[in-house]
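Quick notes on the structure that follows.
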Amino acid sequence: MSILLTKKTRFIIQGITGREAINLTRENLDYGAKIVGGVTPGRAGRDVYGVPVYDCVRDAVAANGGSIEGSIVSVPPKFTQDAIIEALENAIKLIVVVTENVPRKQVAECVELAELRGARIIGPNCLGIISPGECKMGGVGGPAANTRQAYKKGNIGVMSRSGGMTTEIASTLTAVGLGQSTCVSIGGDAIVGTTYAELMPFFEADPKTHAIAIYSEPGGRMEAELAEWVAENDSRLPIVAFMAGRFMDEMKGMRFGHAGTIVEGKEDTTAEKIKRMEEAGISVAERIEEIPELIRKRLARRKR
């Protein structure tokens with residue numbers, strides 16, 4: 001089983017005729033995704049790898065029976081808010097935003113609107129979602145052949161602020177025979193559409209997810225919120241986290257890779273994040289290659 005998307009999920013790509021979006025289209029189609037249309041104003045009537053292009057989301061939705069489940073937004077930052085709103089106003093419920101450098105205020109407004117519309121945004125600045133063997137939505141895993149090598153169907157959920165590390169963790173799990181249920185690259189910006197804590201209810205409700213692996217970084221409160229959620233909801237899922245950038249505790253005000261990794265106070269430090277997670281029962285790995293063994297130990301303990 002998977003969360004958020006399945007092999008039946010039909011989606012469009014907004015900005016489909018852009019260079020990056022063309023690559024995304026090919027990679028997703030090769031993996032078996034059901035891309036039913038693309039949107040680029042003024043390009044209606046064309047196609048990208050056989051996917052028809054429309055002038056607007058409304059036309060794409062109408063051409064597909066009035067209902068499409070998802071959209072990948074791959075447009076320049078100054079058009080991203082409009083693209084997200086257009087998707088939401090046409091009742092699209094899952095929106096993966098791969099665009100970087102979207103202004104924070106605009107992201108916050110879009111997230112609020114999505115909540116009002118009963119929709120979910122993943123990203124911005126993310127590589128998307130994959131349920132191995134079923135569907136992928138975004139650039140996670142890269143070309144289909146590489147994706148199939150790194151990701152295998154199984155019972156471990158993966159959440160990561162880094163798109164590349166989503167694949168690194170999945171590949172590490174796959175190498176020792178631990179497949180994945182769903183892997184989500186949530187995005188590395190200070191404000192994202194869906195946080196770790198907000199994804200937890202989906203994994204918690206999925207009987208095929210038996211444990212979760214997480215990649216974390218300095219900055220922000222997502223790990224603290226996750227720890228609070230786990231403690232308050234008495235989560236059934238063993239969670240193993242890897243915390244990158246521990247050296248950043250000595251470099252206050254610096255940024256580690258992503259826009260959301262500025263350490264502004266004690267709560268943002270890796271030491272404080274590790275402390276909070278461990279207090280909530282989340283195991284913290286020193287190295288990524290330790291994650292599989294820690295997961296196996298936690299699963300064995302739970303069975304007893």
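Throughout, read-outs are computed from the coordinates displayed, never taken from laboratory work. Remember, predicted model here, so these are calculated numbers, not experimental data. So basically every Cβ, Gly included, is an ideal-geometry build from the backbone, and we count neighbours across all protein chains shown.
Things worth noting here:
- Scanning residues 5 or more positions from K153 or on other chains, those with amide H under 5 Å from its amide H are Q180, with H placed 1.01 Å from N in the peptide plane.
- Nonlocal amide H pairs with V39, under 5 Å, H built at 1.01 Å: I13, Q14, G15, I16, Y54
- Taking Lys and Arg as +1 and Asp and Glu as -1, the other residues whose beta-carbon sits under 10 Å from that of A241 total -1.
- Distance in nm between pseudo-label sites at A271 and A145 (7 Å out along the Cβ direction from Cα): 4.8 nm
- A cut-off of 5 Å between modelled amide H atoms, ignoring neighbours fewer than 5 places along the same chain, links R120 with L94, I95.
- Value of Rg to Rh for region 10-303, rounded to two decimals, is 0.97; Kirkwood radius and Rg both from alpha-carbon coordinates.
- Projected label points at L116 and R58, each 7 Å from Cα along the beta carbon direction, are separated by 1.9 nanometres.
- For region 104-121, the Karplus equation 6.51 cos²θ - 1.76 cosθ + 1.60, evaluated at θ = phi - 60°, returns couplings of 4, 4, 5, 4, 4, 5, 5, 5, 5, 5, 4, 4, 5, 8, x, 10, 10, 10 Hz by residue, with Gly and Pro reported as x.
- Pairs exceeding 24 Å between alpha-carbon atoms, taken from K7/K78; K8/K208; K8/K297; K93/K136; K7/K273; K8/K93: K7/K78; K8/K297; K7/K273.
- Think of the chain as having a plus end and a minus end, set by charges on the Cβ of Lys, Arg, Asp and Glu; of A91, Y54, N155, N155 sits farthest toward the positive end of this dipole.
- Rounded to 5, percent antiparallel among DSSP beta bridges of the chain: 20 percent
- Nearest-0.05 FRET efficiency for K78 and K153, computed from C-beta distance (R0 45 Å): 0.70
- Using alpha-carbon coordinates, inclination of helix 222-233 to the longest axis of the chain, degrees: 70 degrees
- Net charge dipole, region 10-303: roughly 800 debye, given to the nearest 20, about the Cα centre with Cβ charges of +1 for Lys and Arg and -1 for Asp and Glu.
- With respect to the chain, whose longest principal axis is taken over its alpha-carbon atoms, helix 196-205 is tilted by about 90°.
- ³J(HN,Hα), Karplus 6.51/-1.76/1.60, whole Hz, each residue of region 22-28, x for Gly, Pro: 4, 5, 4, 4, 4, 4, 6
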